[in-house]
Every structure is written in structure tokens, then in C-alpha cells.
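Visitor: Encoded as C-alpha cells, here's the structure I'll be asking about.
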Amino acid sequence: MSIHNALKVAARAIEVRSPYDGRLVGEVGESSTGEILAAISRAKSAQEIFRRSLPSERRAMLVALAEEIARDAENLARLISDEMGKTIREARNEVRRAQNTLKLSGDAATFLDGEVLHCGIVEGGVDRQATITYEPAGVVAAITPFNYPLNLLCHKLGPAIATGNAVVAKPSPKAPLTATRLAELARKAGWPDNLFQVVHGGAEAALALARGPIDLLSFTGGPAAGLALKNASGLVRCLMELGGNDPLFVFPDADLERAVMTTIGHRFEIAGQSCAAIKKLYLHEDIAEQFIEKLLPAVAGIRHGDPSLEETDMGPVIDSAAAEVVESRIQATLKLPGVELLAGGTRTGTLMAPTVIANVPADAAVIAEETFGPVIAIRVFRDASQAIAEVNAGDYGLQAGIFTNDHALIRQFSRELRVGGVMVNEGPDFRAEHVPFGGIKKSGLGREGVRIALREMSEPKVVID
């Protein structure tokens, strides 16, 4: 049964509405548990054949899909913008990045190298050689969020196909249309039937997929959902990116103009709904006032509104419920002693005004948890070690950014911060498609990023002769 036919017989339709104006963008069929299990079964059959494919064939498939995306780029960008509220310029950038992710996965498919180890390295060792190779895991379940509906799926799909796996994907019900379109483009690119399938639904569908006879679970989302899926999947290997509460530190020797623009770009992109966005802005007390004087005019210049317009810099958050959470955290924080609202703080439906709050306590609602919205929460510090300790005391450990040219500080932060990545003179939301990406603590398990993901989605095999 094709993906289309499987979805047509689903129990009910999931309506997809624009976060900006509520108009109906499209709909998909909700997949039943039986349909999800049938998709996994078909994927297993397809993968049994595909696992014997050559690296050159996998590379050609991934390049072909990237080329189909390029031909459909503007339609994909409009679809992303319509279904999840990303500005059209942000959506085009995501489409561009997705092509790169697939092409890099294709390149990496040709260099999934093994190694040879001699067994006679200790006294009494035998004269044998161990050959280590990497084989496909099998069927990868890919569960993706709404905020990057194309590229985050490609970060799972590309490495999975490059290593000879099949994929059953379940996108967020808040933004499922892009994944469906990607599956259509894969068929158009000549991919084998059932090698890449998409099922749809919410938490129950995700649990049904995790409980199914899959071989690897790759999930991007929140910690609570990640734990539930991990428990449901049993002994299946899990790769999980579960968000972050990421800091940016700015020191007196920093290029303040560049740091301001990075703060704007890394906090207000997709209305603050990025896992590695700047959630905590730590300003050294010697430059805090000067930095804020530069920051506020830049914030005031952000044009937020209709994401389909070329001039719009920031669109809405994903839905009213998300907007209400962000608004409530802002209001709770503003009731605390000494807290000062410097910009924004209001919302109109799903449109949150770009917001800046100063003198925010470390335990304030808006900063203690990951806030998925366009809010800059400022902490002023003097002692670097205390600032590091404060961040390390939190539950998350995804990425961090530091603006300084002081090598001693760079070394200190790089060594002492308990995070998956430290970006120097850059914001924590920086990511290159081939570089390992992920975190520790509640931020996740394992790593994404094309090169390391190929190993994560493979099983090592040892042959000793």
C-alpha cells in the first residue's frame, strides 16, 4: 500500500491551520496503530533489499532528492511558512539547508569507514586481525517537531538512508504537510517503494511507533515526551534532542555590535522557537548598560507580523496555547522585585512582541525553564566562575555562546560549561549540518550532525580471523 493510500483510510483528518491567521492550509489523515505497524512492516521488507545497496547508489538517491527539493524550493518554503508561521525568508533558508544536509549525507555514505585491529597487542595475544565494519540498524523511526519541519527531518532521513536503513517518519501534527511533501519528492526522485514512509498523529501515534518493531528511534522534542518514548521503545537504541536553555555570555572586550546582531538573530528567529536559541543573556557588568543601549533600537526595528511578506522579520508562535505560556511567564517574571520590562511584553493572538526583560532572577519563570518565544531575559554578572556555575546548575546542557577574545576565558568556558557545544564569538544557535549537535542532561541522548549520525544509525560488526 502506498503512503497516500495508507493515509486516505485513516480514522480522521488532522486540520493544519496557519498560526498567523487561522486559515486552513491543508489536512492529513491520522494514522491508526494498525496503519503504523503496517508501515513498519513494509519498511522492514524494503530495508532487507536496500541494506545490500552500494554507497554510490545511496549517494545518488540523496543527491536526487536534494535536486527535487531545489526544483520545488519556493513551494516548499511557502508550505513551511503557511503551516508553522516561519517567515518566508527563514523558510527559504531552511529549504537551502535541507538540500545541504542531504548532499552531505550522500557524501558521507561513501566514507563510512571501518578499521582493522590486530589482536596480538599484548603478551600472549594471538596472531589474528579484527575487522570492524558498520552495518545498517534496520528501520529508523523519526519523530520530528514543528519548528524545522524539513531540515530536522532531513537530519534523520539523510544519515539513515546513507547507512542503508529504512525510515518511518512521524512529523508534528502542528506542521505535518512538509514531511508529506518530502515523501512525495522522494518517490519522484525514484526512491524504492516503502523505504521512506510518513505516518501522522499526535502523542498516541508517536507511542505506537516507538512500541512497534523498529530498530532505532530518533526523536526531537521535549524531555517529558522523550522520556515517555524512551520507556515505550524498551531496549531500542534512542537518539534524542530534547531542547535547551542556552546562554550567551558577553564580555567587555567583545565586538558589541556583532554581539547585538547575534542576539537578535539567535533569539528572534522563528519567534524564539529554536531549541538552541539564546534563552539567557549574560552581560558583564562593565558593558551591560552600553550593550542594552545598542540592543533596544535593534529590537524596536524588528518587523513582526504576516510571515508571508518579504519584509517581515518575525512571524507568530505556533499556536495560541504556546503564546499563552510565553505571556504568562513574562507576566509572572514582571511581578518579581527589581525586574524591568525594556521592550515588548504584549501579544496579539499568536503574535508576541519582541520582548526584553532586565534584572531577571535566575529562578524566574521566563529563564528557569526553556521558553519557546521571543523573549530576551538579561542577567548581569561580574564573576565568570559564578556565571558558569549558575548555568551548570540548570537541567539542560545543549549549547552556549561566548563573546570575547580573551583566550583564558575561552579556555575556561570551553572546559567548564556542561553543554554539548560552545560557540566562540557566536550564539548558541549556530549549527553546521555536518558537525555533531546535541547536549547532555535533559537536553538529550546521542548526537545529530551528518558525520556522527551515520555511526549512530549503524551497528558495528567485528569479524576476527
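Visitor: So which residues in region 355-370 are within 22 Å of the chain's Cα centre (by Cα) and buried (at least 24 other Cβ atoms within 10 Å of the Cβ), if there are any at all? Steps first, answer last, please.
Guide: Narrowing region 355-370 to residues within 22 Å of the chain's Cα centre (by Cα): 366-370.
Within region 355-370, VAL366, ILE367 qualify.
Visitor: Just checking, does region 183-192 include any residue being buried (at least 20 other Cβ atoms within 10 Å of the Cβ) and under 18 Å from the mean Cα position of the chain (by Cα)?
Guide: No, region 183-192 contains no residue that is buried (at least 20 other Cβ atoms within 10 Å of the Cβ) and under 18 Å from the mean Cα position of the chain (by Cα).
Visitor: Scan region 385-406 residue by residue and report those that are open to solvent by less than 30 Å² (accessible area, probe 1.4 Å) and either on the phi > 0 side of the Ramachandran plot or of a type in the set (S, T, N, Q) (or both).
Guide: GLN399, THR404
Visitor: So, one more: Does PRO247 satisfy being closer than 30 Å to GLN386 by Cβ and of a type outside the set (Asp, Glu)?
Guide: The answer is yes for PRO247.
Visitor: Looking only at region 422-449, how many residues end up being crowded, with 23+ Cβ neighbours inside 10 Å and not charged (D, E, K, R)?
Guide: Number satisfying all stated conditions: 7.
Visitor: Sticking with this one: For GLY158, are the conditions met, namely being farther than 24 Å from ARG267 by Cα, surrounded by 14 or more Cβ atoms within 10 Å (Cβ to Cβ) and under 19 Å from the mean Cα position of the chain (by Cα)? Step through it out loud before you land on a result.
Guide: Numbers: farther than 24 Å from ARG267 by Cα: yes; surrounded by 14 or more Cβ atoms within 10 Å (Cβ to Cβ): yes; under 19 Å from the mean Cα position of the chain (by Cα): yes.
Yes.
Visitor: Still on this structure: Among the numbered conditions (1) of a type in the set (Ser, Thr, Tyr); (2) open to solvent by 50 Å² or more (accessible area, probe 1.4 Å); (3) closer than 30 Å to GLN99 by Cα, tell me where SER414 comes up short.
Guide: Going through the list (1) of a type in the set (Ser, Thr, Tyr); (2) open to solvent by 50 Å² or more (accessible area, probe 1.4 Å); (3) closer than 30 Å to GLN99 by Cα, SER414 breaks only (3).
One line per residue, one yes/no per condition, for (1) closer than 22 Å to CYS154 by Cα; (2) within 23 Å of the chain's Cα centre (by Cα); (3) open to solvent by less than 80 Å² (accessible area, probe 1.4 Å):
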{"position": "ARG42", "(1), (2), (3)": "yes, no, yes"}
{"position": "ARG51", "(1), (2), (3)": "yes, no, yes"}
{"position": "GLU57", "(1), (2), (3)": "yes, no, no"}
{"position": "ALA60", "(1), (2), (3)": "yes, no, yes"}
{"position": "GLU67", "(1), (2), (3)": "yes, yes, no"}
{"position": "ASP72", "(1), (2), (3)": "yes, yes, yes"}
{"position": "ARG78", "(1), (2), (3)": "yes, yes, no"}
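Visitor: Turning to a different aspect of this structure: So, in region 112-166, how many residues would count as being part of a loop (DSSP other than H, G, I, E, B) and farther than 22 Å from ARG78 by Cα? Talk me through it step by step, then tell me what you get.
Guide: Kept after step one, since they are part of a loop (DSSP other than H, G, I, E, B), are these residues of region 112-166: 112-114, 119-128, 137-138, 144-150, 163-165.
This time we only want the ones that are farther than 22 Å from ARG78 by Cα, so: 112-114, 119-128, 137-138, 163-165.
Final tally of qualifying residues: 18.
Visitor: Only one of (1) out of contact with any helix residue (DSSP H, G or I) (no Cβ under 6 Å at 6 or more places or on another chain); (2) modelled with pLDDT of 95 or more is not met by ALA368, so which one is it?
Guide: Tallying (1) out of contact with any helix residue (DSSP H, G or I) (no Cβ under 6 Å at 6 or more places or on another chain); (2) modelled with pLDDT of 95 or more, ALA368 fails exactly one: (2).
The values are calculated or read from the model by the stated rules, or taken from the named source; none is laboratory data. Note that this is a predicted model, so its numbers are computed, not measured. Every residue, glycine as well, gets a Cβ built from its backbone with ideal geometry; the counts of neighbours run over all protein chains shown. Accessible surface is based on the protein model in full, side chains and every heavy atom, while ligands, DNA and RNA are left aside. Shrake-Rupley method; radii C 1.70, N 1.55, O 1.52, S 1.80 Å.
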